[in-house]
Amino acid sequence: MTAGTVAVRVEPEAQAVPATTTNWRDIAKIGLLGGAVALYLCLVGIVPIFNTRQLIAGVITLGQIALFGSMAVPGAIAARKATTLREALLAGGVAGLITGLALTLLVLVGSVIDLRAMFLNASPELYSMLTMGLGVAGAWIPAVEGLLLGAGAAAFGQLPDRVRSPVARGLLAVFIVGLFAGLLRAPLMSAGLVELARLLFTGDGLTVFGAVLVFTVVVVGRIVRQRIGVAARVAALPAERREQLRLPGIAILVGVIVVLPLLLGPFFAQVIALVALYILMGFGLNITLGLAGLLDLGFVAFFAVGAYTVGLFTSLAEYGLLDVPFWVALPFAMLFAAAFGAILGLPILSIRGDYLAIATLGFGEIIHILAGSNLLLPVLGGPRGIINIPKPIEVASTNFLAGPVQIYYIALIFAALVAFVALRLRAGRIGRAWVAIREDEDVAEAVGVNLIQTKLLAYILGAAFAGLGGAIFAGLVGSIFPSSINLFVSINVAAIVIVGGMGSIPGVVLGALFLIGIPELFRELQDYRFLFYGFALIGMMLYRPEGLWPSGIARRELHVGDEAPAMIAGDTTPITRGTMS
Amino acid sequence: MTLLETRAVTKRFGGLLAVNKLDFEVDQGAIVSVIGPNGAGKTTFFNCIAGFYAITSGEILLDGQPIHKLRRDQIAHLGVSRTYQNIRLFANMTAMENILVGQHHHLHSTWIGTVLGTKAVREDEKRAQDEAGRLLRYVGLRGKGDMLASKLPYGDQRRLEIGRALANKPRLLLLDEPTAGMNPAETAQLTDFIRNLRDELGITILLIEHEMRVVMGISERITVLDYGEKIAEGNPAEIQSNPRVIEAYLGRGGAADLGIASAASASATNPGDPGAPTV
């Protein structure tokens, strides 16, 4: 990583330039860039669609946040070097104004030419939203908004940190609570606190009272924390006391996890069941990818084997063969998936890194195509799939375990088992061999690790757990179609492991919440949610390559101390032919 | 008694003959050095012995058994360990874990046993940890077991690499420039350490080394390679006075004493293409 590189600290040139000059060219550039972003958000349809989601009912929508954000952010960026309030207001205002003018231009052009031939979303509704319903007569409105928001953001940046930080946190909290209003409202409703729920939330979004309450609580809480210095006090406690403080926290967390689906209602139960399933599969791939470093993009192949095994064993419909209960089919699902892992793994595990990823990618596609093919139509039902797969636990529809809730519990229990297996193995001889292979395959072999055997074990275990995931998925959905066996399953699971932090158990949980849970909650935003999914992935890799919650070792590696020794100092000395130093 | 023997070992990379019909022997319990100018094929030869390269022709025998068709891990199981010219530790593992990986084939935990945490596995692991702790102390890394290998100082990394090699309980230890990048005091310390490995543990040692004080100080036999061929073999005194060796190192006409040849002589010779003949 850092070893062998020479860090040369270059003095920032900016120091040489007198700090008082306002760089108009930069400000114009930032404003134009902001304008481009704002136009993009409007014309691609993000603003109109986000506009359907209320953050604070009747006050502000998610679309307006996107729009106003695209004006405020250039203002804040343009003013970040300003030293006085006047300079900041000027720079921020001008940048915001330029951004707003781009939208003004859009309204004016749109009134003359019908842009809908090219941009489907340049609709009257969009213009109406931009001009607050005034039409062309209100074309000036975005420009003024830009001026005010840009200047406002710039001024906010000039506030002292002790004021800015609580306010920023308060606003962020209102934003997040508003965004997840539906999710937070459901438990209040089902806990019988209907009045409280009505007071805080409308159907989708916060009430004004709720927003003010959230903001106040967070700001006051933050200020109180700062005054008392909670963080410093906790840090000052001896280690055992800190451990004791963590225990009730863990207990509460476990309690919440257990009762969660009962509070959230059927829709959210489905979402968290899916999240739990991906956590389980993430733990499985974490062995293959996180520990042994085998970039397996064919995860879905084994998922398919597990799902179809359960389908064939248990289905009550046409293609069901045995009509056995789910729990009888489950071990076979894992066994067959593991056998597939062994058969597919053996020939390709000598391939390294990226090439392995491509080869495994092929497997996923082959299985996907086979499942839908005419060849296997008599067995697997082709595109019609296998339907009528019974739930793992047969209960009356009024029972609390009916529907996705039982899948949630089943997936969580198995996820815990997989995590346990991974942790146990990591601490022993085999886990060490896996990590050694991940670090340096050649050297691992030279110290006595049998590469094929060791890699194959990781691959087979990953495959078995993928089969387990597929089996539970079949139980969740109640049917299995070739269209469920797609590349996105593999990509999602791999992304969960990488975004969460390679080799880290809590990382996988966070990764699944972020990458599976959040997109599911924003279904009404259509495919745009995947745009943000993509942005999030890029941002992660740029700013936090070790993952959301890296394993202890990766964190140490990337963040502790820059005193890394020059590892190969000896190699940098040129020893040329003819010397005997 | 011969521990390692190579018969007409040849390694060719395309048109480049890196090792050419090399016959070579290492006696049980000996300390043998391979020296030679840069590009002479020393590390290639090492890589052939340790199974990193498949040899083009010839035979490599350990205790009379051919090993040149075996995988690296099989060669390691037969008791051959090595270190690397540019240190190759498992950077994201702790010092302790690096040594534990080195013990891999002396441990017997199965994956099922590990998951279940059986008594046998726990005892196996306990023994491994004790042994690894002992080895850490032996190579002078007491108390540094929990440090990440990549965060250790350079000299400690060299020592850890030797510790990892020792964890395999080798009969033959291949050391590729163990003192590279070390100061004179560290070099002297390491030289004693290497000698002790043979004297105390009875490990046969084969080393590549540029530092002539080390080579002449501890080797019982020295083999000199140039352009992949053996140009001389003998004890330190014989090598120091061998005209072909002097020529290979210093070019024709060079007369400096090998033992005190300094880097200054580098400027007098052609540092360019290692395949080009010396003038």
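The values are calculated or read from the model by the stated rules, or taken from the named source; none is laboratory data. Since the structure is predicted, the reported quantities are computational estimates derived from the model, not experimental observations. Positions of Cβ are generated from backbone atoms using ideal geometry, with glycine treated the same way; all protein chains shown enter the neighbour counts.
List of remarks:
- Of the residues making up segment A:517-572, those that are of a type in the set (G, A, S), part of a helix (DSSP H, G or I) and modelled with pLDDT of 80 or more are A:G517, A:G534, A:A536, A:G539.
- The set of residues from segment B:84-110 being at the interface with chain A (Cβ under 7 Å from one of its Cβ atoms), modelled with pLDDT of 90 or more and not in a loop (DSSP other than H, G, I, E, B) comprises B:E97, B:L100, B:V101, B:G102, B:H104.
- Residue within segment B:10-32 that is among the β-branched types (V, I, T) and in contact with a Cys (Cβ under 7 Å, 6 or more places away or on another chain) present: yes
- Residue match in segment B:62-71 (condition: at the interface with chain A (Cβ under 7 Å from one of its Cβ atoms) and either under 27 Å from B:Y138 (Cβ atoms) or in contact with an Asp or Glu (Cβ under 6 Å, 6 or more places away or on another chain) (or both)): no
- One residue from B:T191, B:T179 being surrounded by 22 or more Cβ atoms within 10 Å (Cβ to Cβ) and either facing chain A (nearest Cβ under 10 Å) or in contact (Cβ under 8 Å) with a residue 12 or more places away in the chain (or both): B:T179
- The helices (runs of 4 or more DSSP H) falling completely within segment A:306-418 that include 1 or more residues that are crowded, with 21+ Cβ neighbours inside 10 Å and over 32 Å from the mean Cα position of the chain (by Cα) map to A:326-348, A:377-380.
- Residue selection: A:F522 satisfies the criterion of being buried (at least 16 other Cβ atoms within 10 Å of the Cβ) and farther than 27 Å from A:P392 by Cα.
- Residues of segment B:217-238 that turn out to be surrounded by 15 or more Cβ atoms within 10 Å (Cβ to Cβ), part of a helix (DSSP H, G or I) and free of Cβ contacts under 8 Å to residues at least 60 places away in the same chain, as a count: 2
- Residue match in segment A:199-208 (condition: more than 26 Å from A:N51 (Cα to Cα) and either exposed (fewer than 15 other Cβ atoms within 10 Å of the Cβ) or not charged (D, E, K, R) (or both)): no
- A:I460 over 15 Å from B:H104 (Cβ atoms) and either within 9 Å of chain B (Cβ to nearest Cβ) or at pLDDT 95 or above (or both): yes
- Scanning segment A:63-80 for residues that are assigned to a helix (DSSP H, G or I) and either outside the structural domain of A:D26 (by TED's automatic domain parsing) or among the hydrophobic types (A, V, I, L, M, F, W, C) (or both) gives A:I65, A:A66, A:L67, A:F68, A:M71, A:A72, A:V73, A:A76, A:I77, A:A78.
- Here is the figure for segment B:141-153: residues that are without any contact (Cβ under 8 Å) to a residue 40 or more places away in the chain and either crowded, with 16+ Cβ neighbours inside 10 Å or within 7 Å of chain A (Cβ to nearest Cβ) (or both) total 2.
- Considering segment B:199-216, the residues that are within 14 Å of chain A (Cβ to nearest Cβ) and among the charged types (D, E, K, R) include one that is nearest to the chain's Cα centre (by Cα), namely B:E209.
- Residue pairs meeting the criteria (Cβ under 8 Å; at least 6 apart or on separate chains; first crowded, with 17+ Cβ neighbours inside 10 Å, in segment A:149-175; second outside any helix (DSSP H, G or I) and of a type in the set (V, I, T)): A:V174/A:I56
- Pairs where the first residue, in segment A:42-67, is farther than 21 Å from A:V212 by Cα and the second is among the polar types (S, T, N, Q) and surrounded by fewer than 21 Cβ atoms within 10 Å (Cβ to Cβ), C-beta under 6 Å, 6+ apart: A:L43/A:N121; A:G45/A:N121; A:P48/A:N121
- Some residue of segment A:204-219 being among the hydroxyl-bearing types (S, T, Y) and farther than 30 Å from A:A269 by Cβ: yes
- Per-region count, segment B:114-132, residues farther than 19 Å from B:P170 by Cβ, more than 9 Å from chain A (Cβ to nearest Cβ) and in a helix (DSSP H, G or I): 7
Residue-by-condition table, conditions (1) in the same structural domain as A:I472 (by TED's automatic domain parsing); (2) touching a residue at least 12 places away in the same chain (Cβ under 8 Å); (3) of a type outside the set (V, I, T):
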site	(1), (2), (3)
A:P331	yes, no, yes
A:A339	yes, no, yes
A:G362	yes, yes, yes
A:P378	yes, no, yes
A:I387	yes, yes, no
A:R429	yes, no, yes
A:V435	yes, yes, no
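- Hits in segment B:9-39 - residues which are assigned to a strand (DSSP E or B) and either within 14 Å of chain A (Cβ to nearest Cβ) or β-branched (V, I, T) (or both): B:V9, B:T10, B:V19, B:V26, B:I31, B:V32, B:S33, B:V34, B:I35
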